[in-house]
Structure formats: C-alpha cells, structure tokens
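Q: Dumping the structure here so I can ask a few things about it.
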Amino acid sequence: MTERNTKLDRIATCIVHDMFKVKKGEVVVLTADPASNHDVVEAICRVVHAADALVVTMKTPKFKGRVALVDESISVELFVNALLQADIWIDANYFDYLYSNTFERVMAGNSNLRYFLLGDLSTDTMGQIYGAYDVSAMIDFCTKLREIIEVGRTVRVTNGQGTDMQFDIEPSHFVAVDSGEIAGPGLFTPPALVNIVPRFGSVNGQIVFDALYDAYPDKIMEEPLTLTIKDSSIVQVSGNRYAARFTEIMGTWDDGGRKVAHMNFGLLPTIRELVGHVVVDERVWGITNWGFGSVSPLDAPPNGQPSDYHFDAICTASSVAIDGVAITAEGEVVHPVLKGLADRLLRGENPIRRSTLAKVLS
C-alpha cells in the first residue's frame, strides 16, 4: 500500500469507526460535487461497505454559494426525502448544505440523523485533523470548556489588533462541541472547536479580523478589516480599502445577515496559522471565529436566527475571558483547569504553518 493510500485509509477509518462507530446495516449518505475530495469520499465508501453498512453518494454540480443558493441548485424534495432515510449524512461539498432550507428540513424531520460537515479539504490537511493528536485529551478539554461556558454569564474577547467584544451567554442556546466524538444524533463539524451562540441582541464592540469567508473580500486579507457591532448588528465597516465595497455588498442582505450568529474557539493543535480555507481557519489553535447571519433552531431554539446569508470573520491570537476569568491570552490557554489538557494536546504536535500552504491546499 502506498503512503497516500495508507493516509486515506487512516482518515476514512478514523471517521467511520473512531468518530461515527458505524454499525452493520446503517445507511450512510455522502453528498459531493466536482470540487469534493473524491479520494477521501471513495475511501470512506470502501470502509463503510467493509463494515457491512449501506452507502450512497449523491453528486451535484458545484453550487454558486451557501444557504439559499444551495436550495436553488437542487431538487429539494428529492434530497430531503432521500436524507430522511439516512442514519449518517457526510457533507463533502465545496459549498456545504449547512443552514440551507434543505438542511433544516432534513434535520427537523430525521431526529436520528448524525450530520457531519466534511468539506473539500485536501488529503494532507485531513491527515492533520483525523487521528493526528490525542483525541481523549481533546474530548476532555472540550467537555471542561463547555462546562465553564454553560455556567458563565458574560464573555469578553480581545486581541492585539483592536478586537474588543462583549456578549451575554444565553443558557437556552446550545454550546456545540466538535472534539472528534460523535455520540448521538445532531450536527457535527470537523474537530476541533467549541461554539457559543450569544444571547441575541447582547453583542457589542468591534471585531478586527484577518480572514473573511462568504462575504467580500474573501479568505485571508492583506490588512485587517473592522466591524463595529451594536446590539448584535453590524453598524459600521472600516479599516481597509475593502470597507466601502463590503458595506455595499452588505446592503443587499436581509437584516439577519448583519447580525452576530456565533463565536467559536479554534482548538486544532496541529494547525497554528491561517491557511486560506474556512473549514481549517475556523479551527486554528488560538483564534476566535465570529459567524454572522443564519442560526439553526437546533442551536438557538425555538426559531434560531433566520437569514439567507452566513459569513465568518476570524480573529487571530485571541484573548477570551468568561465572567472575568481568563480562558486564553493571545491565543494560548491559561485557565488553570484547562491548561494541563492544552499542554497534552500540544505536546509532540507538528503544526501546519503558512510556509506549508501550497502543500496543504494541493
């Protein structure tokens, strides 16, 4: 077996057996498009088939974008009816189904479904995510961080570029954890992050960020952009030459598209710098990722935050405090309960840095 095939087998085995623990007879559906990583998709299919489970791949053309643009590109009824029969849905599309009407209908109608956003990452990058660090330490770390969040009341996030954001924790909102463990039904994304949906209307301050996805401009920027937030909504854009264009584009969105949706901690110990891909950059160790727009009712019952849009803005080297107690300082974990677990995660890791960008995205 070649080195590449060994890596593909390790990735697929980790996803199918270690994460999903696929059982005999379960129905696994993969969705894909021409930009998907078909080597990984096919490897997953092989491992699922070998486990005596049932596997189907549903392939479409590449969508024009996310959320509403997904629904415009497919037969919604066909996909919904098919996915209502699935036990596991692995979304390998370039533009994923998350937050689309198709996704919401499937999740609402199939209470047993385990949905996983795999994305279109390269094989090398997936090799850094699946099975590349101490998963038990990651599960312990994320569990303890979630416990701290769930008893907290307020969060403050700052960084050296000028970010200074404050918001309230809403106890009824779901604190999502993606640690590599998929223990039951629900929405899962690649490890590793812990996500907070703030109390709607409570977010104030300014976000100064280095990367932007599914808005304008896209990906890593030459210089940071600043969003001023009042009562959870963007009221001003400034900071670089793209600000005026961003403001113009934002004017085409519905009101929900301007509202803060979530903030997540990036916790992936094997990737330490932004690489230019949203699924990776949302998880880089030490960042905070701010989402705007649509929020699923699964994360914020009963209605979520309706919008046809969703974009993400990433702040590097973030300092986060909950109820005045520091969780991270300039991207490094300092909380006394969490620091030992963080040290376990970082011990012996071989992080991807931007100098390896060409290889990562090849």
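Q: Positive end of the charge dipole of the chain (Lys, Arg +1 and Asp, Glu -1 on Cβ, about the Cα centre): tell me which of Ser100, Ser319, Val175 has its Cα farthest that way.
A: Ser319
Q: If I model a spin label as a point 7 Å beyond the Cα along the Cα-Cβ vector, how far apart are those points for Asn240 and Asn81 in nm?
A: So the label points at Asn240 and Asn81 sit 4.7 nm apart.
Q: Between segment 3-69 and segment 269-320, what's the alpha-carbon centroid distance in Å?
A: Here the answer is 24 Å between Cα centres.
Q: Another question about this same structure. For Lys24, which lysines qualify as cross-link partners when the Cα separation must be under 28 Å and same-chain residues fewer than eight apart are set aside?
A: Straight-distance partners of Lys24: Lys7, Lys59.
Q: Additional query: With each run of n ≥ 4 DSSP H residues scored as -39500 (n - 2.57), what mean residue ellipticity at 222 nm is computed for the chain after dividing by its residue count and rounding to the nearest 500 deg cm²/dmol? List each step's numbers first, then the result.
A: Working: 11 runs with 92 residues, N = 362.
Result for the chain: -7000 deg cm²/dmol, rounded to the nearest 500.
Q: About its Cα centre, how strong a charge dipole does segment 1-149 have in debye, to the nearest 20, once Lys and Arg get +1 and Asp and Glu get -1 at the Cβ?
A: Computed charge dipole of segment 1-149: roughly 100 debye.
Q: Then there is this: Based only on other Cβ atoms within 10 Å, what is the fewest-to-most ordering of Lys64, Lys24?
A: Lys24, Lys64
Q: Right, here's the next one. Ranking Tyr242, Tyr309 by Cβ neighbours within 10 Å, fewest first, what do you get?
A: Values: Tyr242 18, Tyr309 24.
Lowest count first: Tyr242, Tyr309.
Q: Sticking with this structure for a sec: Averaging sequence separations of C-alpha pairs under 8 Å and six or more residues apart, then dividing by the length of the chain, give the relative contact order as a whole percent.
A: Relative contact order, the chain: 15 percent.
Q: Among the lysines, which fall within straight-line cross-link reach of Lys339, defined as a Cα-Cα distance under 20 Å, with same-chain neighbours fewer than 8 residues apart omitted?
A: Lys144
Q: Would you work out which of Val157, Gly205, Ile234 lies farthest towards the positive end of the dipole of segment 135-360? Charges go on Cβ: Lys and Arg +1, Asp and Glu -1.
A: With unit charges placed on the Cβ atoms, the residue in question is Val157.
Q: Check the straight Cα-Cα distances from Lys21 and name the aspartates and glutamates below 13 Å, setting aside those fewer than 8 residues away within the same chain.
A: Excluding near neighbours in sequence, the set is Asp52, Asp87, Glu181.
Q: Picking from Leu118, Val80, Gly25, whose Cα lies most toward the positive end of the charge dipole for segment 3-120 (charges on Cβ: Lys, Arg +1; Asp, Glu -1)?
A: Value computed over the given set: Gly25.
Q: By counting other Cβ atoms within 10 Å of each Cβ, how are Leu83, Leu78, Leu187 ranked from fewest to most? Write out the running numbers ahead of the final one.
A: Values: Leu83 23, Leu78 11, Leu187 19.
Least crowded to most crowded, the residues run Leu78, Leu187, Leu83.
Every number here is computed from the coordinates shown, using simple stated rules; none is lab data. The structure displayed is predicted, hence computed values, not measured ones. Positions of Cβ are backbone-derived with ideal geometry, glycine not excepted, and every protein chain shown enters the neighbour counts.
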